Amino acid sequence: MSGWRSQWRLVLLNSLTCGLEICVAAGITYVPPLLLEAGVEEQYMTMVLGIGPVLGLIFIPLIGSASDHCNSSYGRRRPFIWLLSLGVLLALLIIPHADLLAAYFAWGGCALQVAFLILGVGLLDFCGQVCFTPLEALLSDLYRDEEDCNQAFAMFSFMVSLGGCVGYLLPALDWSRGLLSVYLGGQAECLFFMLILIFVTSVLITMKVSEEPQCAAALEPGPLLEAGRCGVPRSCWYLLKSVPLLCLLRTCWSMTPAIYRSYCHVPRVMRQLCMAQLCSWMAVMSFMLFYTDFMGEGLYEGMPSAAPGTASRQRYEDGIRMGSLGLFLQCATSTVFSLLMSRLVRHFGSRRVYLSSMVSFTISALVICMSKSVVLVSLMSALTGFAYATLQTLPYTLTCHYHKEMEVYMPNKKTKNMLKNGIAIKRDSIMHLTAMDEEGGLTHKLGGTNGHAIFSQEGSDYYPPPHGQNGSSLSATAPEQDEPEGYEKRGVGLDFAILDSTFLLSQVFPTLFMGMIVQFTKSVTAYMASSVIFGIIAIYLANQIIFDQKDLNS
């Protein structure tokens with residue numbers, strides 16, 4: 001990973017990450033005013049923003065698992081990236097032209113325009129957010145070494161933050177007076193045309209640079225996958241495995257119960273990480289989704305429903321632009337911390353970095369709740385970028401670490417039984433075991449070559465078995481009966497899908513209920529107060545995360 005060429009390749013590989021975030025960030029900022037202007041009440045506007053995350057929660061485990069088992073000649077992840085990118089492109093075409101699409105129908109009107117807007121928003125949010133899962137899995141496939149993985153996801157976080165900077169800055173600029181805006185028909189049309197250009201370019205760059213391992217590196221199909229082949233001709237079976245959409249349908253048909261069983265019954269380390277990640281994202285998303293509305297209605301005391309040209313409407317639009325600037329500052333800070341993340345983890349450790357990021361976020365949100373100063377609120381919004389960078393990096397590198405040493409962090413039944421029965425061997429004997437294995441000695445009796453763990457006689461130290469060249473444990477080839485009952489072999493794509501589900505779920509609660517809470521309290525300060533509450537809970541849960549092997553004994 002050393003050298004400018006390797007770093008430049010990482011930048012190009014993550015160009016789609018940046019393009020996706022630009023589109024999603026611009027949509028989050030620009031779409032709520034479009035919905036409000038179309039006549040959607042604020043309570044229902046927040047519910048519309050929850051459609052994409054809800055759909056993502058349903059389909060993301062299927063997409064993650066299907067990409068783990070896809071054997072397309074184009075790779076495991078890239079076919080799904082193409083498919084989801086097509087959905088994003090379609091959404092970018094629908095949203096700015098919802099009124100024109102509604103006008104094509106004789107019975108079309110304001111209601112149909114709102115329907116097209118809702119369709120575009122749901123498609124953009126769903127495809128845009130879910131597409132990050134195969135992109136993260138692609139990085140994990142290409143960079144398996146722990147240090148390389150840390151740098152890869154630090155660059156991933158940097159490109160997400162950079163995309164957020166551009167995405168929040170674009171709607172804050174006035175495009176209505178430019179020649180392109182006059183030619184295309186307005187501010188929205190000009191903005192979304194630029195988003196389409198940026199997105200298509202980023203897709204082509206990432207697809208050109210990424211070279212996935214051959215399809216033989218994919219997970220071997222488990223019993224449930226084999227069961228899905230019954231009665232299917234061989235030619236049709238290979239077609240189903242090669243085409244991403246058909247692969248997804250096959251997964252829905254044959255593996256849905258097993259996927260959701262694995263999805264719900266996660267190992268302890270992933271369960272604790274996901275709980276902390278969920279509350280951390282709920283704190284951050286309660287802030288990000290409604291920060292512009294908080295600035296427009298709260299600090300600037302404007303009214304989104306006021307007639308255009310009135311003082312109240314002008315104050316609201318000024319607040320929206322200042323809110324976009326605050327989110328831009330957040331992403332700018334996040335880009336800096338993303339570049340420094342590897343050094344921070346090396347010097348202070350993952351635990352301290354994670355906890356300090358959530359503490360700084362909670363304090364910032366508390367100050368924003370209590371302050372009426374636009375300058376101070378903007379500075380505090382910039383400080384929240386530390387938490388944003390951390391949540392984009394550390395949970396994914398921890399997951400890669402868990403999968404690299406699955407016998408330690410996700411032990412199967414036989415490994416657990418060995419620990420329970422006290423099978424022990426000294427650290428000094430490890431080197432001798434290799435030689436004795438060649439002679440068929442003690443190693444054969446203890447099962448030392450079948451990929452199982454070796455424990456010290458004191459019972460406190462754990463020495464994982466050797467790893468193959470692809471970074472996966474040799475125990476991955478162990479017989480099926482060694483796996484826990486009711487579980488399929490876990491792929492990193494599935495666990496990344498679980499992590500991304502926490503991000504999507506963190507948007508569901510605010511979008512479905514925050515509008516009602518604001519109407520009940522009659523104050524948009526409730527947005528920021530919710531961030532503070534979730535931040536406090538996240539700090540507590542972050543202390544329960546397994547960051548290294550020492551935490552397993554606590």
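The values are calculated or read from the model by the stated rules, or taken from the named source; none is laboratory data. Just so we're clear, the structure is a prediction, and the values are computed from it rather than from any experiment. Every residue, glycine as well, gets a Cβ built from its backbone with ideal geometry; the counts of neighbours run over all protein chains shown. For accessibility, only protein heavy atoms count, side chains too; no ligands or nucleic acids. Shrake-Rupley method; radii C 1.70, N 1.55, O 1.52, S 1.80 Å.
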When Lys and Arg each count +1 and Asp and Glu each count -1, what net charge do the other residues less than 13 Å away from Leu16, Cβ to Cβ, add up to? +1
Could you work out the per residue convex hull volume over the alpha carbons of the stretch 132-180, in cubic angstrom? 91 Å³
Burial order of peptide ranges 178-187, 147-156 (average beta-carbon count within 10 Å, highest first): 147-156, 178-187
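Quickly rank 298-304, 309-315 as a protection proxy: mean count of other C-beta atoms within 10 Å, highest first. Mind dumping the intermediate values first?
Values: 298-304: 18.9, 309-315: 13.4.
Ranking, from highest mean packing down: 298-304, 309-315.
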I need the peptides 58-66, 504-512, 17-25 ranked by packing, meaning the mean over residues of other C-beta atoms within 10 angstrom, with the highest value on top. 17-25, 58-66, 504-512
If you build the convex hull over the alpha carbons only and average its shadow over all orientations, what do you get for the stretch 304-408? Give it in nm² to one decimal. 8.9 nm²
How many percent of the accessible area of the stretch 1-96 is carbon or sulfur, using a 1.4 Å probe? 67 percent
Using a probe radius of 1.4 Å on heavy atoms only, what accessible surface per residue do you get for the stretch 289-421? Whole Å² is fine. 41 Å²
Rounded to the nearest Å, what's the spacing between the alpha carbon centres of the stretch 506-554 and the stretch 44-116? Just the number, please. 27 Å
Classify the stretch 43-105: rounded, prolate or oblate, from the alpha-carbon gyration tensor (a ≥ b ≥ c, eigenvalue square roots; a/c under 1.5 rounded; otherwise prolate if a/b is larger than b/c)? oblate
What is the percent carbon and sulfur in the accessible area of the stretch 299-378, measuring with a 1.4 Å probe over the protein chains and ignoring ligands? 67 percent
Determine ³J(HN,Hα), in whole Hz, for all residues of the stretch 280-295 in sequence, where each value follows from phi through the Karplus function 6.51 cos²θ - 1.76 cosθ + 1.60 and θ = phi - 60°; x replaces Gly and Pro. 5, 5, 5, 5, 5, 6, 4, 6, 6, 5, 10, 5, 5, 5, 4, 5
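Mind checking the per residue accessible area of the stretch 21-133 for me, 1.4 Å probe, whole number of Å²?
35 Å²
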Evaluate the Debye formula for the stretch 90-180 with equal point scatterers sitting on the alpha carbons, no solvent, and hand back log10 of I(q)/I(0) at q = 0.16, 0.21, 0.22 Å⁻¹, in q order, two decimals. -0.85, -1.06, -1.10
What the Cα atoms of the stretch 17-159 span along the principal axes, largest first and in whole Å, is 57, 30, 22
Considering every Cα-Cα pair within the stretch 114-155, what fraction, in whole percent, is farther apart than 14 Å? 58 percent
